[in-house]
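Would you mind keeping the following structure in view while I ask a few things?
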Amino acid sequence: MKAKQKNHRLLALFILSALLGLSMLLEGCSDRCTETYSYTYYEPVYTKLSVIRSSIKQETPRPLVTVGKIYFKDGYLFVNQPGEGIHIIDNRNTEAPLVKSFIAIPGNYDLAIRNNILYADSYIDLVALDISDLNQVQVVNRLENIFSNYNSMGFHASAELGVVTDWIEKEVTWEETECEMNFNPWGGTRWRGGLVFADAANFSAAAAIAPGNSTGIGGSMARFTINEDFLYMLDGGNVHSVDITIASAPEKKSSQYVMWDIETIFPYGDKLFIGARSGMHILDLAVPENPEKIATYAHVNSCDPVVVSGNYAYVTLRSGTQCTGFTNQLEVLNISTITSPKLEKVYPMHNPHGLGIDEPVLFICDGDAGLKIYNATDKLNIDKHLIKHYKDIHAYDVIPFNNVLMLIGENGILQYDYSDLNNIRLLSRIQVTK
């Protein structure tokens, strides 16, 4: 009997010890297996299309905070502030330009001018503005929903919600143990921290002019251009042609697919030269409303603006966040046989952006390396004929016209008189306000 009681006590002690051990094991496991996870995503902010379309207005002058595309017409400069609108600058006195006003245009990145009508994008719309009186700029027409590939520019739209005009950063945090199911509350695999960009599918949807028949001049980074009676605009991989015979009544005629990665457009004669990350495309305008691709010159993947003069096209290739690749150079192409462009020479550069040609003077915006001015008479030895190198500025794009170079970059708008190549002088500067 005593032996049986002793055995019961030993069994009870064993069970108690086992339970205590298991308890300690579970407690220790809980400490080790509970983890905190978090990630950041961007949630879209929508603005109703009715609000966007009623928001265009002329305002008093604004400081230049950021600068985008540049356009020149009849002594005036029109400078885009990306996503916000256009600065109007009286440049008739190039040594003392005067900022006159600002046209607030939500979602504006490009522009072109024919006669007294300024054409500008506003998210998914094309807007026509009468600028015959620069003190009273007015909207006179609008082509709604013409830009169908706006998602490629970071926008998203829906009939119910409107257009994505901003993104708000948000953070999700949660805890997990081994006993819990490992899951991502937004679907898919579990994220162990880091940055996550919103997928649209996860969020119900995913930012006085002279009259007459005259056209202004854009820079080499433009996505809008005018040739004769047509406005041509890049939209994703397409080129839209818009009849502007009646300038105040633009009418879309066609949309031609060129390539998914097209970036810039430059008119020359009856041709359009399209810069793309993967090459340069040449479109014939024999039938203006239906441009026809007649040639492609392929190169390594890089950003690719192009300008043309005579039998030569000048192409700058650069690396960068959007451009990928590691190529930074100037390429000179012989286009005397227009259907078969031929590479003549390659010149290494630092990080070239826009460029301009006023034969024989070639202007290269080499990013942080500044502005480089060459005599390009000898196409095979351009690098041996550097006229001037301004190293202390950031150069984005240029428009050379009538011996005046209009340059835009992170430092602002600078203008140079190059009538005497041995004595190029700075005329004026409009500073960007940081």
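The values are calculated or read from the model by the stated rules, or taken from the named source; none is laboratory data. What you are looking at is a predicted structure, and each value in this text was computed from that prediction instead of being measured. Methodologically, a virtual Cβ is constructed for each residue, glycine included, from the backbone with ideal geometry; neighbour enumeration extends over all protein chains shown.
Does Gly75 satisfy the criteria of being on the phi > 0 side of the Ramachandran plot and modelled with pLDDT under 95?
Values: on the phi > 0 side of the Ramachandran plot: yes; modelled with pLDDT under 95: no.
No: the conditions fail for Gly75.
Shifting gears a bit: Give the range 64-97 a look and list any residue that's among the β-branched types (Val, Ile, Thr) and over 16 Å from Asn403 (Cα atoms), or say none.
First, pick out the residues of the range 64-97 that are among the β-branched types (Val, Ile, Thr): 65-67, 70, 79, 86, 88-89, 94.
Of everything in the range 64-97, those that are among the β-branched types (Val, Ile, Thr) and over 16 Å from Asn403 (Cα atoms) turn out to be Val65, Thr66, Val67, Ile70, Val79, Ile86, Ile88, Ile89.
I'd like to know if the range 235-242 contains one or more residues that are among the hydrophobic types (A, V, I, L, M, F, W, C), closer than 18 Å to Leu333 by Cα and over 14 Å from the mean Cα position of the chain (by Cα). Quick ask: steps written out before the conclusion?
Step one: of the range 235-242, the residues among the hydrophobic types (A, V, I, L, M, F, W, C) are 239, 242.
Now restrict to residues that are closer than 18 Å to Leu333 by Cα: none.
No, the range 235-242 contains no residue that is among the hydrophobic types (A, V, I, L, M, F, W, C), closer than 18 Å to Leu333 by Cα and over 14 Å from the mean Cα position of the chain (by Cα).
Kindly indicate the residue of the range 46-65 that is among the hydroxyl-bearing types (Ser, Thr, Tyr) and in contact with a strand residue (DSSP E or B) (Cβ under 6 Å, 6 or more places away or on another chain) and also nearest to Asp121 (Cα to Cα) among those meeting that condition.
Just the residues of the range 46-65 that are among the hydroxyl-bearing types (Ser, Thr, Tyr), to begin with: 46-47, 50, 54-55, 60.
Next cut, in contact with a strand residue (DSSP E or B) (Cβ under 6 Å, 6 or more places away or on another chain) only: 46-47.
Numbers: Tyr46: 18, Thr47: 16 Å.
Across the range 46-65, the extreme among qualifying residues is Thr47.
List the strands (runs of 3 or more DSSP E) that sit entirely inside the range 285-355 and contain at least 1 residues that are among the basic types (Lys, Arg) and farther than 16 Å from Asp383 by Cα. Steps first, answer last, please.
Working: elements: 292-298, 306-309, 312-317, 329-334, 342-348.
Answer list for the range 285-355: 292-298, 342-348.
Looking only at strands (runs of 3 or more DSSP E) that fall completely inside the range 174-283, which ones have 1 or more residues that are small (Gly, Ala, Ser) and at pLDDT below 95?
Working: elements: 224-227, 230-235, 238-243, 251-257, 262-268, 271-276.
In the range 174-283, the matching strands (runs of 3 or more DSSP E) lie at 271-276.
Just a yes or no: is a residue in the range 387-410 under 22 Å from Pro97 (Cα atoms), surrounded by 14 or more Cβ atoms within 10 Å (Cβ to Cβ) and charged (D, E, K, R)?
Checking the range 387-410: at least one residue is under 22 Å from Pro97 (Cα atoms), surrounded by 14 or more Cβ atoms within 10 Å (Cβ to Cβ) and charged (D, E, K, R).
Within the range 356-390, take every residue that is charged (D, E, K, R) and in a helix (DSSP H, G or I) and give me the one that is nearest to Tyr268 (Cα to Cα). Full working, then the answer.
Start the filter on the range 356-390 by keeping residues that are charged (D, E, K, R), which leaves 358-359, 366, 368, 372, 378-379, 383-384, 388.
Keeping just the survivors that are in a helix (DSSP H, G or I) gives 379, 383-384.
Numbers: Lys379: 19, Asp383: 25, Lys384: 27 Å.
It comes out as Lys379.
Here's something else I'd like to know. Taking the residues in the range 256-279 that are of a type in the set (Asp, Glu) and under 15 Å from the mean Cα position of the chain (by Cα) as candidates, determine which candidate is surrounded by the fewest Cβ atoms within 10 Å (Cβ to Cβ).
Asp261
Determine if the range 394-409 includes at least one residue that is part of a loop (DSSP other than H, G, I, E, B) and of a type in the set (Asp, Glu).
Kept after step one, since they are part of a loop (DSSP other than H, G, I, E, B), are these residues of the range 394-409: 394, 396, 402-403.
Okay, now just the ones that are also of a type in the set (Asp, Glu), so none.
No; the residues of the range 394-409 include none that is part of a loop (DSSP other than H, G, I, E, B) and of a type in the set (Asp, Glu).
Mind checking whether some residue in the range 350-368 is on the phi > 0 side of the Ramachandran plot and of a type outside the set (A, V, I, L, M)? Outline the logic, then answer.
Restricting attention to the range 350-368, the residues satisfying the condition of being on the phi > 0 side of the Ramachandran plot are 367.
Filter once more, keeping what is of a type outside the set (A, V, I, L, M): 367.
Yes: one or more hits.
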